[in-house]
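Participant: Pasting a structure here, questions to come.
The values are calculated or read from the model by the stated rules, or taken from the named source; none is laboratory data. All values reported here derive from a predicted model rather than from experimental measurement. Positions of Cβ are backbone-derived with ideal geometry, glycine not excepted, and every protein chain shown enters the neighbour counts. SASA here: full protein model, heavy atoms, side chains in, ligands and nucleic acids out. Shrake-Rupley method; radii C 1.70, N 1.55, O 1.52, S 1.80 Å.
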Amino acid sequence: MNLKKIISTFTAFIIAAGTSALNVNAEADNGFTQTEISDSRIKPYISLTKQVLSRDELSSGHKVNVQVIVDTEDYSYAAAGLHIYYDPRLEIETDYDGRINVKRGYAAKDLSLSVFNDSTAEDYGMKGIFISTAGDDNSGTSGVLAEFTFNLPNNVHDGDVYPLDIVYKESSKVKDTFTTFNDNLTGRLMQAWAFTKGIYNNDTNYNFTADFSHIQRCPALWDIDPSYDGYIAVGFPVVTTTTTAPTTTTTTIRYTTTTTRTTTTARPTTTTRTTTTTRTTTTARTTTTARTTTTAKTTITTNSTTTKTPVTITTKPTGITLSGDANCDGKLSVADATLVLQYCGNKDKYTISEQGLLNADVDGTAGISAVDALIIQQVDAGIYDISDLPLTK
C-alpha cells in the first residue's frame, strides 16, 4: 500500500467547494517555488497518532483513539480540508445513523468541523475520511484538531501494523486546503508549506520513520513506508525490571581473652596460664531483582586461607544450533527479533554471543542487520517456516 500523496481526482473535496475561505489552485505547491515556500512565515506541520500497544494493553473490543495534530502558529488558519487514509482492516466508529463519531480538539474549538467518508480511498487499497474546518476569522491553533476511534480486528497478532496517512488530493475544480479565512498571500504560502513539507509525501518529504522505542517493540515498523504520517501497531509487552541495592549486615564480636594465672610458692613451684581467643564474623547479604531472590551468606573467618585459581574454557561455535535463535534459549520467538534489533541499534549496550550471531544471520547476506530481525519475526508470524532458514539469495 505505497500511496502517492498527490492524487488526481475529479471527485475529491466536492463537499467543501462552497466554503468561502477555499481558494482553488492547481497544485500542492500553490504555484510557488521551493525557495518561496521555504521562506513562508508560517510553517505548519500536520501529523497523525503513532502508537504501539500490546494485546494486553488494547481496550475491550480493541478500540484505539487516533488524533489529527496541528503544530503551527496560533490563530493562523481558518479553512482546512484534509484527506485521511487508513488501513482497510480498521473500522471507524459511527453513530446509529452511520455518521462518523468525531471529537473536536482544542485546535478547532472556535471553528466549524465536519467529517465525511471518502470512498475514493478504496481505489488505493485503503479506507478514507475527509475532514474540513471553516471560520470567519483565523481561529485555528496548535493542538489536536480532531479525534476518532478505530476498532482493530478481533484476530490481532503481535507485529501487526496499521498505517495512517494524510493524502493531498486535487482536481481541476477543487483541492485540499490549509489557509487563512481570506486566503491571502500568507495563507497561500502556509498552505503550500503544509502540503509539501508539513506532511510526509513521495515528492518533497519522503522520510517518515517510526520511533526507535516503537521499533524495539514491533520490528516490522523498521520497514514502514516513509510517506505515511502515523500508525497503530501491535507490539510485544514492555518488560519492567526493578532492582534494589544490595543490603549487607556485618556483626563482629571482638577478641575476648581470658587469662588465669596460678602461682604456688614453696618448692615445687607450679605456674598455669590459659588463654582463650574467640572471633566471630557474620555477614548477611540480600539482593532483590524483578521477582524476589534472597541469598544468605555466612562467613566464618579462621587463620587458614585457601586460594583457588579459576580456569576458563572457551569453546567457539562450530555451526548453527537453531536458525533465528539469537538469545540461544533453544527456541525461536519474537524475543530473538527484539534482541537482534537492539544489537543493531547499540552493540555496546546489547550483546549477542558468538553462537547467537551465527544463529541470527538468517537473511542470506553475511552479517547481522535489521532485515534478520524482520525475517525472524516473519517466522514467528507464520510467513516463513523455520525450515526455510537461513534464506538463500
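Participant: Just to be sure, is residue 100 open to solvent by 10 Å² or more (accessible area, probe 1.4 Å), modelled with pLDDT of 95 or more and aliphatic (A, V, I, L, M)?
Facilitator: Judged against the criteria, residue 100 is a match.
Participant: Something else: Under 9 Å between Cβ atoms, at least 6 apart or on separate chains: pull out the pairs that start in region 211-226 with a residue that is free of Cβ contacts under 8 Å to residues at least 40 places away in the same chain and assigned to a loop (DSSP other than H, G, I, E, B) and end on any residue that is crowded, with 20+ Cβ neighbours inside 10 Å and not acidic (Asp, Glu).
Facilitator: 226/200; 226/208
Participant: Exactly one of (1) free of Cβ contacts under 8 Å to residues at least 12 places away in the same chain; (2) closer than 25 Å to residue 215 by Cβ is unmet by residue 152. Its number?
Facilitator: (1)
Participant: Find the residue count for region 50-78, including only residues that are touching a helix residue (DSSP H, G or I) at 6+ places or on another chain (Cβ under 8 Å), assigned to a strand (DSSP E or B) and over 27 Å from residue 226 (Cβ atoms).
Facilitator: The number of residues fulfilling the criteria is 0.
Participant: If you go through region 217-238, how many residues are closer than 16 Å to residue 152 by Cβ and of a type in the set (Val, Ile, Thr)?
Facilitator: Number of matching residues: 2.
Residue-by-condition table, conditions (1) hydrophobic (A, V, I, L, M, F, W, C); (2) in contact (Cβ under 8 Å) with a residue 60 or more places away in the chain; (3) closer than 23 Å to residue 162 by Cα:
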residue: 65; (1), (2), (3): no, yes, yes
residue: 79; (1), (2), (3): yes, yes, no
residue: 83; (1), (2), (3): no, yes, yes
residue: 93; (1), (2), (3): no, no, yes
residue: 97; (1), (2), (3): no, no, no
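Participant: If you scan region 182-236, which residues turn out to be under 27 Å from residue 55 (Cα atoms) and basic (Lys, Arg)?
Facilitator: Within region 182-236, just 217 meets the criteria.
Participant: Step by step: first the residues of region 40-96, then only those that are of a type in the set (Phe, Trp, Tyr) and buried (at least 22 other Cβ atoms within 10 Å of the Cβ), then the one that is nearest to residue 129 (Cα to Cα). Which residue is that?
Facilitator: Step one: list which residues in region 40-96 are of a type in the set (Phe, Trp, Tyr), which gives 45, 75, 77, 85-86, 96.
The next check asks that each one be buried (at least 22 other Cβ atoms within 10 Å of the Cβ); those that pass are 77, 85-86.
Working: 77: 21, 85: 7, 86: 9 Å.
Here the answer is 85.
Participant: Looking at the structure I just gave you, is residue 147 within 25 Å of the chain's Cα centre (by Cα), surrounded by fewer than 18 Cβ atoms within 10 Å (Cβ to Cβ) and in a strand (DSSP E or B)? Steps first, please.
Facilitator: Details: within 25 Å of the chain's Cα centre (by Cα): yes; surrounded by fewer than 18 Cβ atoms within 10 Å (Cβ to Cβ): yes; in a strand (DSSP E or B): yes.
Against the criterion (within 25 Å of the chain's Cα centre (by Cα), surrounded by fewer than 18 Cβ atoms within 10 Å (Cβ to Cβ) and in a strand (DSSP E or B)), residue 147 qualifies.
Participant: In addition: Among the numbered conditions (1) modelled with pLDDT of 95 or more; (2) open to solvent by 30 Å² or more (accessible area, probe 1.4 Å); (3) of a type in the set (Phe, Trp, Tyr), tell me where residue 200 comes up short.
Facilitator: For residue 200, the exception is condition (1).
Participant: Hey, can you tell me all the residues within region 155-183 that are surrounded by fewer than 19 Cβ atoms within 10 Å (Cβ to Cβ) and within 22 Å of residue 131 (Cα to Cα)?
Facilitator: 171, 172, 173, 182 - these are the residues of region 155-183 that are surrounded by fewer than 19 Cβ atoms within 10 Å (Cβ to Cβ) and within 22 Å of residue 131 (Cα to Cα).
Participant: All but one of (1) of a type in the set (S, T, N, Q); (2) assigned to a strand (DSSP E or B); (3) out of contact with any Asp or Glu (no Cβ under 9 Å at 6 or more places or on another chain); (4) open to solvent by 20 Å² or more (accessible area, probe 1.4 Å) hold for residue 120; state the number of the condition that does not hold.
Facilitator: For residue 120, the failing item is (2).
Participant: Among the residues of region 123-143, what is the count of those that are under 17 Å from residue 183 (Cα atoms) and either outside any strand (DSSP E or B) or open to solvent by 50 Å² or more (accessible area, probe 1.4 Å) (or both)?
Facilitator: Final tally of qualifying residues: 6.
Quick grid of which residues meet (1) open to solvent by less than 40 Å² (accessible area, probe 1.4 Å); (2) at pLDDT 85 or above:
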{"residue": "348", "(1), (2)": "no, no"}
{"residue": "351", "(1), (2)": "no, yes"}
{"residue": "373", "(1), (2)": "yes, no"}
{"residue": "380", "(1), (2)": "no, no"}
